[in-house]
């Protein structure tokens with residue numbers, strides 16, 4: 001197989017994730033109790049035998065660089081190379097610009113193929129099969145595709161291809177989808193063809209400098225672009241709903257891939273969570289050093305979470321260091337790191353309505369909820385809100401609670 005360089009695009013702001021990405025880059029969102037989202041792309045590359053990896057960083061770049069280090073958790077410090085690539089300008093202008101600004105680095109590596117990955121997908125994939133498909137077809141570019149429900153197709157770039165896999169059309173996030181074959185944001189390019197198209201795109205002042213909006217549509221008209229069909233589990237962590245749903249899918253089991261087995265998800269965190277059946281027979285993933293004295297059903301708990309006696313946590317994602325008081329019920333929620341909820345509270349509850357995956361209640365990092373309070377379904381409590389701001393109110397369905405101006409300026413977290 002030709003020499004391959006892997007480029008992971010990890011520079012986005014994650015604006016659709018709201019408060020969850022205010023203080024962290026989206027690739028470092030906790031998932032499955034202990035992993036970070038970027039761990040999946042990194043682990044897939046290493047498990048596929050690809051060890052020349054570069055991560056294009058931008059938003060919160062220092063945090064990402066500290067997490068990645070020299071690649072020790074992924075064994076790249078000993079048998080490979082992990083580079084972090086920062087923008088030469090103030091910021092990358094788009095996904096293709098992130099690769100264009102590092103084109104000289106790619107060419108200097110001697111690679112003949114470039115595998116471009118996103119840092120916000122959860123999946124297991126052996127890239128060697130896609131790379132072999134690319135070489136066997138003689139393609140200039142190959143796009144990984146997977147079928148998605150037609151009702152969700154508008155969220156993706158959609159591909160149409162003939163029976164050989166030759167791509168006939170590509171439309172980025174159409175209002176009225178004509179296909180349900182979604183681009184996974186995983187591309188293989190020959191370095192020569194990629195350099196030519198990126199250079200042309202960089203000289204175009206009207207271009208959005210994006211693979212889906214600019215590079216791939218142009219290559220379809222001028223080069224050989226093939227679609228590689230993938231049938232395994234894959235999830236784009238694009239928004240709060242998909243983040244919540246993916247965590248619960250991993251908790252429900254059986255897992256679509258192994259966290260610890262023959263295709264491990266390698267992580268910069270200390271240890272991985274274990275499957276755990278709760279008293280009611282529901283499944284959950286629980287990180288290390290957690291204490292659950294109550295009931296936990298269909299949920300993901302990160303490290304150091306403490307749940308008091310007779311409390312119930314259901315269909316929720318609870319990040320590291322959260323404390324939930326006794327006799328409290330938490331349902332259909334995301335609790336960011338360090339949230340504390342007092343005893344006899346109801347959080348995320350909507351009367352006479354089953355949990356349907358929508359209307360997720362999100363409590364931001366460090367929020368403290370006093371005892372005997374109710375917070376309805378679909379509410380958002382932002383970081384920096386003091387406990388005293390919640391003492392005199394019931395937070396009704398869909399409410400948004402922001403810190404006061406002095407709290408925002410002072411950056412106070414409870």
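Rule-based calculations on the coordinates, nothing more; no lab input. Note that the structure is a prediction, hence the values are computed from the model and not measured. Glycine gets a Cβ as well: all are built from the backbone with ideal geometry, and neighbour counts include every protein chain shown.
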Checklist entry - Where both residues lie in the chain, what percent of DSSP beta bridges are antiparallel, nearest 5? => result 30 percent
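Given an 8 Å cut-off on Cα distances and at least 6 residues of separation, report the relative contact order of the stretch 30-156 as a percent. It would help to have the intermediate numbers written out before the result.
Working: 93 pairs, mean separation 39.5, N = 127.
Result for the stretch 30-156 is 31 percent.
Tell me what the chain gives for mean residue ellipticity at 222 nm when only DSSP H runs of n ≥ 4 count, each as -39,500 (n - 2.57), the sum divided by the residue total, rounded to 500 deg cm²/dmol. Intermediate values should be presented prior to the final figure.
Values: 10 runs with 83 residues, N = 414.
Roughly -5500 deg cm²/dmol at 222 nm, from the helical runs in the chain.
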Checklist entry - Tell me, 79, 35 in order of fewest to most beta-carbon neighbours within 10 Å? => result 79, 35
Checklist entry - Listed highest first by mean packing, meaning other Cβ atoms within 10 Å per residue, what order do 236-246, 180-190, 161-171 come in? => result 180-190, 236-246, 161-171
Checklist outcome for this item: Tilt, helix 38-47 to longest principal axis of the chain (alpha-carbon atoms), in degrees rounded to tens, equals 50 degrees
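Looking only at the stretch 17-148, where both bridge partners belong to it, what percent of the DSSP beta bridges are antiparallel (to the nearest 5)? Please report the intermediate quantities before stating the final value.
Details: 2 of 8 bridges.
Once the DSSP bridges in the stretch 17-148 are tallied, antiparallel ones form about 25 percent.
Taking 8 Å as the Cα distance limit and 6 or more residues as the minimum spacing, I'd like the relative contact order of the stretch 4-241 as a percentage.
Once normalised by length, the contact order is 24 percent.
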Item to check | Distance (nanometres) between label positions extended 7 Å along Cα→Cβ at residue 396 and residue 107 | outcome: 6.3 nm
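Given a Förster distance of 22 angstrom, what is the FRET efficiency for residue 89 paired with residue 200, based on the Cβ-Cβ distance and rounded to 0.05? Working shown, then result.
On the way: r = 19 Å, r/R0 = 0.85.
Computed FRET efficiency for residue 89 and residue 200 comes out at 0.70.
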Checklist entry - In nanometres, what is the gap between the two model label sites at residue 135 and residue 78, each 7 Å from Cα along Cα-to-Cβ? => result 2.7 nm
Checklist entry - If you count, for each residue, the other Cβ atoms within 10 Å and average over each peptide, how do 149-156, 283-290 line up from highest to lowest? => result 283-290, 149-156
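Per-residue counts of other Cβ atoms within 10 Å, averaged by peptide: what ranking do you get for 216-227, 193-204, highest first?
Numbers: 216-227: 18.9, 193-204: 16.8.
Highest to lowest by the protection proxy: 216-227, 193-204.
Kindly put 4, 330, 394, 176 in sequence by how many other C-beta atoms sit within 10 Å of each C-beta, fewest to most.
On the way: 4 24, 330 30, 394 11, 176 7.
The fewest-first ordering by Cβ neighbours comes to 176, 394, 4, 330.
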Next on the checklist: Angle check, please: helix 240-252 long axis (alpha carbons) against the longest principal axis of the chain (alpha carbons), in degrees 0 to 90, nearest 10.
Outcome noted: 80 degrees
Checklist entry - Any idea what angle helix 191-202 forms with the longest principal axis of the chain, computed on alpha-carbon atoms, 0 to 90 degrees, nearest 10? => result 70 degrees
Item to check | Over the chain, relative contact order from alpha-carbon pairs under 8 Å, at least 6 apart, % | outcome: 13 percent
Item to check | Structure-derived volume of the Cα convex hull per residue in Å³: which label, when the choices are [x] 149; [y] 178; [z] 191 | outcome: [x]
